[in-house]
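Colleague: First, the structure itself, so that you have it in front of you.
The values are calculated or read from the model by the stated rules, or taken from the named source; none is laboratory data. Nothing here was measured: the structure is a model prediction, and the numbers come from that model. Glycine gets a Cβ as well: all are built from the backbone with ideal geometry, and neighbour counts include every protein chain shown. Remember, those area values only see protein heavy atoms, side chains included, never the ligands or the DNA or RNA. Shrake-Rupley method; radii C 1.70, N 1.55, O 1.52, S 1.80 Å.
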Amino acid sequence: MLVVQKYGGTSVGSTERIRAVADRIARTRAEGHDVVVVVSAMGHTTDELVDLAGAIVDRPEPREMDQLLATGEQVSAALVAMRLISLGVPAKSLTGWQARIATEPVHGNARVASIDTSVLSSLLEQGVVPVVTGFQGVADGEVTTLGRGGSDTSAVAIAAALGADLCEIYTDVEGVYTTDPRVVKAAQKLDVISYDEMLELANLGAQVLHPRAVENAKHFGVKLVVRSSFTEGEGTEVVAEQQMEGRRVVTGIAFERQVARVAVVGVPVEEHALASIFSALADRGVNVDVIVQSVVDDQAVDVSFTVHENDLDKAEEVVAELQPKIGFKRIEKESPLAKVSIVGAGMISNPGVAAQMFVALRDAKVPIHMVTTSEIKVSCVIPADLVEEAVQALHRAFIEAAAVTPLTHAR
Ligand code: ADP
Ligand code: ASP
Ligand code: MG
């Protein structure tokens, strides 16, 4: 088999951990498999680099930020390769550009565009283990990074490009859980989860996999497993829907902190303000999440939307600039907020799931500020300080108190 193994920050967080990781790679090789390794930066290195930049300037130049952040993974890749060589396993560390990972020409959050596999394939043919830096690529000769948590995406992209038999994501928990085990002690490890559910969970804040990794795995049919680098467990397999055997209505619960809400109050109806407000926000690169428009009377509507807390001031500024044109009454801001979400493919065929969520949150005395739903998820915006209570209450209602039922095909 050809296996891509990705090791996250905690997994390579110390010299001891790097030795353990090298042992595991050597073992996989000894079992007769070809291995490509992808590594994250050691421990909290990336956070420290971000802080370092912040201590020098307020708004670092995006190009220089990528130059800086990309160094973290170079350290761990070289150390893992060194250790492998000392164990008698031929290995070579490669940066994103050396591995020929081309991205779109964007700094900070670039998508992988293509991978020229010639270098990786030739190393594999020579029996050498490529140890590739995750989280980065190259565009027009410039170093780019893929967004926080992006090493997962590097691994999946490499697995897809090489047609690998398996992509293993090694992390600090046993697999994908019903919710973040750091917040809910009773969180349960899932043996399997569908690509679609995993994609929703990842997009809604479950940190365990980078959303684009899941998106790419689904698109290219990459066999993806999440497991612990600290133990020998089977982990969680991310599979296509048909392969799922039994499930609850809700598969998992995700949450996001640092949510902020902007309300544009008293917008004259005839202004069709949604188009101008959201075009202006998009032009300035502000990512908007939940949007609610409510009719006040036949003259006016209120428009509110959420953004990441870091974008709150910018969003307010953009909307304020539209005041002379649109003539709304005022802008209100609210933060810190959080968003809790329940996700499950079983929701499609089970009415009343949203109602059950509202009841669980009411009973836990968590006020709901906004709601948004899709086929397989319901999200509520709530006060930030109640996020843990909310997640625990939802976990009790939808996971601990719910039976796993055999799959009934909804579509
Ligand atoms: P790595 O450095 O290995 O990439 P991350 O910190 O990015 O690891 O992701 C693993 C963490 O994700 C876990 O330690 C866990 O606290 C968190 N997490 C959040 N939601 C979930 C979930 N549903 N299942 C498992 N882990 C989760
Ligand atoms: N080191 C990067 C980060 O901390 C990428 C990753 O770990 O996936 O975001
Ligand atoms: Mg990660």
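Colleague: Under 6 Å between Cβ atoms, which residue pairs at least 6 apart in sequence (or on different chains) link something in the stretch 304-315 that is part of a helix (DSSP H, G or I) with a partner that is open to solvent by 80 Å² or more (accessible area, probe 1.4 Å)?
Modeller: These pairs meet every condition: Glu309/Gln258.
Colleague: Is it fair to say Ala263 is within 22 Å of the chain's Cα centre (by Cα) and of a type in the set (A, V, I, L, M)?
Modeller: Values: within 22 Å of the chain's Cα centre (by Cα): no; of a type in the set (A, V, I, L, M): yes.
Here the answer is no, as Ala263 does not meet what is asked.
Colleague: Right, here's the next one. Scan the stretch 246-281 residue by residue and report those that are among the β-branched types (Val, Ile, Thr) and more than 30 Å from Val183 (Cβ to Cβ). Break it down into steps so the answer makes sense when it comes.
Modeller: Narrowing the stretch 246-281 to residues among the β-branched types (Val, Ile, Thr): 249-251, 253, 259, 262, 264-265, 267, 269, 277.
Hits for the stretch 246-281 are Val264, Val265, Val267, Val269, Ile277.
Colleague: Could you please find all residues in the stretch 21-36 being surrounded by fewer than 17 Cβ atoms within 10 Å (Cβ to Cβ) and out of contact with any helix residue (DSSP H, G or I) (no Cβ under 9 Å at 6 or more places or on another chain)?
Modeller: First, the residues of the stretch 21-36 that are surrounded by fewer than 17 Cβ atoms within 10 Å (Cβ to Cβ): 23, 27, 30-33.
Across the stretch 21-36, the qualifying residues are Arg27, Ala30, Glu31, Gly32, His33.
Colleague: Which residues, counting only those in the stretch 1-20, are among the small types (Gly, Ala, Ser), over 21 Å from Leu162 (Cβ atoms) and buried (at least 19 other Cβ atoms within 10 Å of the Cβ)? Explain how you work it out, then say what you get.
Modeller: So in the stretch 1-20, the residues among the small types (Gly, Ala, Ser) come out as 8-9, 11, 13-14, 20.
Pick out the ones that are also over 21 Å from Leu162 (Cβ atoms) and you get 9, 11, 13-14, 20.
Gly9, Ser11, Gly13 - these are the residues of the stretch 1-20 that are among the small types (Gly, Ala, Ser), over 21 Å from Leu162 (Cβ atoms) and buried (at least 19 other Cβ atoms within 10 Å of the Cβ).
Colleague: Also, quick follow-up: So is Val301 surrounded by 15 or more Cβ atoms within 10 Å (Cβ to Cβ) and more than 26 Å from Asp385 (Cα to Cα) or not? Outline the logic, then answer.
Modeller: Details: surrounded by 15 or more Cβ atoms within 10 Å (Cβ to Cβ): yes; more than 26 Å from Asp385 (Cα to Cα): yes.
When the stated conditions are applied, Val301 passes them.
Colleague: Moving to a separate point now. From the list Gly149, Gly163, Gly141, Gly137, pick out the single residue that is away from ligand 1 (no atom under 16 Å from the Cβ), surrounded by 21 or more Cβ atoms within 10 Å (Cβ to Cβ), at pLDDT 95 or above and small (Gly, Ala, Ser).
Modeller: Details: Gly149 fails: away from ligand 1 (no atom under 16 Å from the Cβ); Gly163 fails: surrounded by 21 or more Cβ atoms within 10 Å (Cβ to Cβ); Gly141 fails: surrounded by 21 or more Cβ atoms within 10 Å (Cβ to Cβ).
Answer to the selection: Gly137.
Colleague: Conditions: (1) aliphatic (A, V, I, L, M); (2) in contact with a Pro (Cβ under 9 Å, 6 or more places away or on another chain); (3) outside any strand (DSSP E or B). Val259 meets all but one. Number of the miss?
Modeller: (3)
Colleague: When Asp116 is evaluated against the numbered criteria (1) touching a strand residue (DSSP E or B) at 6+ places or on another chain (Cβ under 9 Å); (2) more than 15 Å from Gln74 (Cα to Cα); (3) touching a residue at least 24 places away in the same chain (Cβ under 8 Å), which criterion, by number, is the only one it fails?
Modeller: Condition (3) is where Asp116 drops out.
Colleague: Filter the stretch 37-93 down to the residues that are open to solvent by 50 Å² or more (accessible area, probe 1.4 Å) and among the hydroxyl-bearing types (Ser, Thr, Tyr), then identify the one that is nearest to Ile25 (Cα to Cα).
Modeller: Among those that are open to solvent by 50 Å² or more (accessible area, probe 1.4 Å) and among the hydroxyl-bearing types (Ser, Thr, Tyr), it is Ser86.
Colleague: With the structure loaded, tell me whether Leu204 is touching a strand residue (DSSP E or B) at 6+ places or on another chain (Cβ under 8 Å), closer than 22 Å to Glu375 by Cβ and open to solvent by 10 Å² or more (accessible area, probe 1.4 Å) or whether it fails that test.
Modeller: Taking the combined requirement at face value, the residue does not satisfy it.
Colleague: While we're on this one: Taking the stretch 205-226, which residues are within 16 Å of ligand 2 (Cβ to nearest atom), within 26 Å of Gly163 (Cα to Cα) and hydrophobic (A, V, I, L, M, F, W, C)?
Modeller: Selection gives Val208, Leu209, Ala213, Val214, Ala217, Leu224, Val226.
Colleague: Suppose we keep only residues that are surrounded by fewer than 21 Cβ atoms within 10 Å (Cβ to Cβ) and closer than 16 Å to Ser374 by Cβ within the stretch 184-199. Which one would you say is nearest to ligand 2 (Cβ to nearest atom)?
Modeller: Across the stretch 184-199, the extreme among qualifying residues is Tyr195.
Colleague: For Ala202, all conditions in the list (1) in a helix (DSSP H, G or I); (2) closer than 22 Å to Leu394 by Cβ; (3) more than 16 Å from ligand 2 (Cβ to nearest atom) hold save one; what is the number of the exception?
Modeller: With (1) in a helix (DSSP H, G or I); (2) closer than 22 Å to Leu394 by Cβ; (3) more than 16 Å from ligand 2 (Cβ to nearest atom) applied to Ala202, the lone miss is (3).
Colleague: Also, I was wondering about something else. Checking the condition within 16 Å of ligand 3 (Cβ to nearest atom) and either modelled with pLDDT of 95 or more or touching an Asp or Glu at 6+ places or on another chain (Cβ under 7 Å) (or both), which residue from Ala254, Ala315, Ala338 passes? First the steps, then the outcome.
Modeller: Working: Ala315 fails: within 16 Å of ligand 3 (Cβ to nearest atom); Ala338 fails: within 16 Å of ligand 3 (Cβ to nearest atom).
Matching residue, one of Ala254, Ala315, Ala338: Ala254.
Colleague: Something else now. Can you tell me how many residues within the stretch 1-42 are free of Cβ contacts under 8 Å to residues at least 60 places away in the same chain, within 22 Å of Ser86 (Cβ to Cβ) and near ligand 2 (Cβ under 10 Å from one of its atoms)?
Modeller: 1
Colleague: Could you check the stretch 350-376 and list, in sequence order, the residues that are open to solvent by 60 Å² or more (accessible area, probe 1.4 Å) and on the phi > 0 side of the Ramachandran plot?
Modeller: Lys365 - this is the single residue of the stretch 350-376 that is open to solvent by 60 Å² or more (accessible area, probe 1.4 Å) and on the phi > 0 side of the Ramachandran plot.
Colleague: Something else about it: Does the stretch 378-404 hold any residues that are of a type in the set (A, V, I, L, M), within 16 Å of Ala186 (Cα to Cα) and part of a helix (DSSP H, G or I), and which are they?
Modeller: Ala390, Val391, Ala393, Leu394, Ala397, Ile399
Colleague: With respect to Lys6, is the statement that it is touching a strand residue (DSSP E or B) at 6+ places or on another chain (Cβ under 8 Å), on the phi < 0 side of the Ramachandran plot and within 16 Å of ligand 3 (Cβ to nearest atom) true? Break it down into steps so the answer makes sense when it comes.
Modeller: Values: touching a strand residue (DSSP E or B) at 6+ places or on another chain (Cβ under 8 Å): yes; on the phi < 0 side of the Ramachandran plot: yes; within 16 Å of ligand 3 (Cβ to nearest atom): yes.
Here the answer is yes, as Lys6 does meet what is asked.
Colleague: Scan the stretch 207-257 residue by residue and report those that are open to solvent by less than 40 Å² (accessible area, probe 1.4 Å), touching a Gly at 6+ places or on another chain (Cβ under 6 Å) and among the hydrophobic types (A, V, I, L, M, F, W, C).
Modeller: Val225, Val226, Val250, Ala254, Phe255
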